[in-house]
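A.B. asks: I have a structure here, written as structure tokens, and I will follow up with some questions on it.
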Amino acid sequence: MLLKTRFYLPPLRAGVIRRDQLLQRLQASGGGSLVLVSAPAGYGKTTLISQWLHQYPHTFAWLTLGAEHNVIGVFWQYLLAALRQMVPELGRDAEQQLLTLDTPDYQQVVIALLNDLDQFSINNRAGEPITLVLDDFHVLHNARLLQLFNLLLDHLPACIRIVITARGEPDLKLAKRRASGQLMAFGIHELRFTAQESRAFFAAVLTSPQTPEQVDALCARTEGWIAGLQLAALSLRQQGVEVSALLTREGLDRNVADYLLDEVFAHLPSHLQQFLQQSALVKRFCAGLTNAIDERHDSLAILLELESLNLFLMPLDNHRTWYRYHELFRQFLLQRFVCGDVLLRDGAIVRALTWLEQNGYWDDAMALCVEWQRWPDALRLLQQQDLALPANADREKWLQWLRQIPAPLLATVPALQRKLDGARDGQEFVVDTVASDLIEPLTQQEKVVLELIGQGLSNKAIARQLQISLNTLKVHIRNLYGKMGVENRREILVKTSQK
């Protein structure tokens, strides 16, 4: 017996924001197409499709999927039942094969269904395609089932469009379907609320008016995440405060934290939970950095898995090299990680800082030091960068980092304190150029690099001899330039020849 509630179209809640641009795009989708609405929990995927079907009535069927549908026979039974709600004669041959044979040939079941759909397409005089909605498609992970569903999509006739909502990108040959024009996709960037939609939402759900500027700030903080805005509104109603109070509150709102725990984090395997928490230590990360933080070698595969799962992961470039988490999700992860083993956390921070320094990501290293209040490391980095700055380049950025250091600690390094005082007094920013004024001596590795430079070896030859990467070598050479008060190799050779 089939569960009837699986076929019910979700009703529209009161105060739902009409999303005309997205609705028009959905309405423009044609027969034979796959419409994929894919985003993390709380981005209004189901609400959007429900709103479309309410606003643009046409022949459709709705099927909400669950874990039980990972069984191939169960899935096709439900799918055929959904189609029969639209057209009673659809899939009769397929259903007969499915229910009467002891061991059904599921490929033949799909072929029989395709033949019925093709015949319906010929006889369809309405011209408008019917729509089959499969909600929560991410629960399906049976490889054979997905293979059979791909067969259906490969030969989908013009009489029907299939609409899928999912928290991740399913294994449905999406690149091929995108290239052929069969796929219409909606992701985070399309689904998140705009500032205008956020204002309309708060006007509808809150009795006390909020200023547009405050709502825009909250929209920016949540990055348009609809569930985040809804939970913020819930907190405002429960606590009777204004948006400004929510914006200035330290820490993550409890409603948001509970939602992310229940709807996202708790369902993940332990290895992903650990990876998420440790990679959240830095504001942006790549596979190499997360390998160092978590002492692993498979971070690239993990990042690709997280991206396919749509776990609030935001790519920062077109090459899928650098990523960040949605800021609220990062706060949630950090909140959990901070409550864990202190030694484990500190070890991960040290490994992250070491990797960033060795690979020349000075700004990221400084950001890590400031966020986790590793002031001795921050002072050391500032000293190194002070001497490495050519002329007045990056003056303001360097000074901005310097201002982050607590005054009592900065006072312990008079040279840096003088620089900051001079900047306040409007004095010219001057870079130290005298080797005798070095803030710290050369490290042992820098001494070896200096010796090899003196021998006239190229960067590649030095890196090969020391068995380090070129990026790491460049960090050492840049530090040498700063500590010796020079700007190039020639000046290094001149200075060393004078001693």
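The values are calculated or read from the model by the stated rules, or taken from the named source; none is laboratory data. From a predicted model like this one, the values you see are computed outputs, not experimental measurements. Because the Cβ atoms are built from the backbone with ideal geometry, glycine has one as well, and the counts that use them run over all protein chains shown.
A.B. asks: Output the number of residues of the stretch 2-32 satisfying the condition of being among the basic types (Lys, Arg), part of a loop (DSSP other than H, G, I, E, B) and free of Cβ contacts under 8 Å to residues at least 60 places away in the same chain.
C.D. replies: Looking only at that region, the number is 2.
A.B. asks: Inspect the stretch 235-249 for any residue being under 30 Å from Leu344 (Cα atoms), basic (Lys, Arg) and in a helix (DSSP H, G or I) and give the result as yes or no.
C.D. replies: No, because not a single residue in the stretch 235-249 is under 30 Å from Leu344 (Cα atoms), basic (Lys, Arg) and in a helix (DSSP H, G or I).
A.B. asks: Here's another thing I want to ask about it. Any residue in the stretch 259-272 that is part of a helix (DSSP H, G or I), of a type in the set (S, T, N, Q) and under 16 Å from the mean Cα position of the chain (by Cα)?
C.D. replies: No, because not a single residue in the stretch 259-272 is part of a helix (DSSP H, G or I), of a type in the set (S, T, N, Q) and under 16 Å from the mean Cα position of the chain (by Cα).
A.B. asks: Could you count how many residues in the stretch 188-206 are free of Cβ contacts under 8 Å to residues at least 60 places away in the same chain and in contact with a Cys (Cβ under 7 Å, 6 or more places away or on another chain)?
C.D. replies: 2
A.B. asks: For Val35, state whether it is modelled with pLDDT of 85 or more, among the β-branched types (Val, Ile, Thr) and closer than 26 Å to Ala179 by Cβ.
C.D. replies: yes
A.B. asks: Within the bounds of the stretch 321-344, is there any residue that is under 18 Å from Pro40 (Cα atoms), in a loop (DSSP other than H, G, I, E, B) and touching an Asp or Glu at 6+ places or on another chain (Cβ under 9 Å)?
C.D. replies: Here is the first cut: in the stretch 321-344, the residues under 18 Å from Pro40 (Cα atoms) are 323-333.
Next, only the ones that are in a loop (DSSP other than H, G, I, E, B) stay: 326.
Filter again for touching an Asp or Glu at 6+ places or on another chain (Cβ under 9 Å), leaving 326.
Taking every residue of the stretch 321-344 in turn, at least one turns out to be under 18 Å from Pro40 (Cα atoms), in a loop (DSSP other than H, G, I, E, B) and touching an Asp or Glu at 6+ places or on another chain (Cβ under 9 Å).
A.B. asks: In the stretch 122-140, what count of residues is obtained for those that are more than 21 Å from Phe7 (Cα to Cα) and either surrounded by fewer than 17 Cβ atoms within 10 Å (Cβ to Cβ) or touching a Gly at 6+ places or on another chain (Cβ under 6 Å) (or both)?
C.D. replies: Residues flagged as more than 21 Å from Phe7 (Cα to Cα) and either surrounded by fewer than 17 Cβ atoms within 10 Å (Cβ to Cβ) or touching a Gly at 6+ places or on another chain (Cβ under 6 Å) (or both) within the stretch 122-140 amount to 6.
A.B. asks: On to the next question. Only residues that are at pLDDT below 90, in contact with a helix residue (DSSP H, G or I) (Cβ under 7 Å, 6 or more places away or on another chain) and part of a loop (DSSP other than H, G, I, E, B): list them for the stretch 170-215, please.
C.D. replies: Leu206, Gln210, listed by residue number.
A.B. asks: Same structure, new question: Would you mind listing the helices (runs of 4 or more DSSP H) fully within the stretch 57-161 where at least 3 residues are within 21 Å of Ser33 (Cα to Cα), out of contact with any strand residue (DSSP E or B) (no Cβ under 9 Å at 6 or more places or on another chain) and assigned by TED's automatic domain parsing to the domain that holds Ala41?
C.D. replies: Those helices (runs of 4 or more DSSP H) span 72-86, 106-123, 143-154.
A.B. asks: Can you confirm whether Gln147 is at pLDDT below 95 and among the polar types (S, T, N, Q)?
C.D. replies: Details: at pLDDT below 95: no; among the polar types (S, T, N, Q): yes.
So Gln147 fails the test.
A.B. asks: Taking the stretch 356-373, which residues are without any contact (Cβ under 8 Å) to a residue 40 or more places away in the chain and of a type in the set (A, V, I, L, M, F, W, C)?
C.D. replies: Trp362, Ala365, Met366, Cys369, Val370
A.B. asks: Only one of His69, His54, His58 is touching a residue at least 40 places away in the same chain (Cβ under 8 Å), surrounded by 22 or more Cβ atoms within 10 Å (Cβ to Cβ) and more than 27 Å from the chain's Cα centre (by Cα). Can you tell me which?
C.D. replies: Working: His54 fails: surrounded by 22 or more Cβ atoms within 10 Å (Cβ to Cβ); His58 fails: surrounded by 22 or more Cβ atoms within 10 Å (Cβ to Cβ).
From the options His69, His54, His58, the qualifying one is His69.
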